[in-house]
Amino acid sequence: MAHPAPRRRAPRSDGQRNRRLIMEAAARAFATDGADASLNAVARDAGVGVATLFRHFPTREALVEAVYRESLVSLCAAAGTLAAERDALDATRAWLTKFLDYLSLKSGMADTLRALTDGNTDSRIGTVERVTEAIEILLEHGRTEGVFRPSVRADDVLAALAGIALMAGSPAQRDQADRLVDLLLAGVMREGPRD
């Protein structure tokens, strides 16, 4: 007689809350101190014990990957939300600013992410593909409104954003990064009736 498979318990609400608090604290710590951020400080900032942190994330790499993955999912989902709620130019500017924040977080975790990508994490997560799809949502919104040139490609916008992050990616350079985002937007905007 076959026994039914055991039912998997749903995570407890306090466990879900602790996981969220840990990830939020880790994102702040990685953005500020890089991947070398103290896990004790992350746990303290989250208001949990170190044992709770390790119960949710058994290794530093697991925590870095989870924070990175969640920030990527949130970033990409924001493209559709912004496109639905705002006009194309405002939505795109807001998303590009979010993207620079995301790159700031990613650069804070750069060393650990490099080690993870050696294990093919980036290809599992599909970073470039997801971000390119998010940019395409915003570009299509702008094309529909008639404010963006039809010939602008999402992968070109991504390359330009990577350049902005490379040249003006530190928090001290944020004003310059914002000016460069405005230049990028000017480049995707339609100038005449057709391009």
### Summary
Label model pair ALA162, ASP36: point-to-point distance (7 angstrom along the Cα→beta-carbon line) in nm is 2.7 nm
### Task
Return the FRET efficiency for the residue pair PHE54, ASP101: r is the Cβ-Cβ distance, R0 is 25 Å, and the value is rounded to the nearest 0.05.
0.35
### Task
Scan around PHE148 for amide H atoms under 5 Å from its own, H built in the peptide plane at 1.01 Å from N, and keep only partners 5 or more places away or cross-chain.
ARG143, ARG190
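FYI, it's all coordinate maths here, none of it is from the lab. Being a predicted model, the structure only gives us computed values, none of them experimental. Note that we place each Cβ from the backbone using ideal geometry, even for glycine, and neighbour counts take in every protein chain shown.
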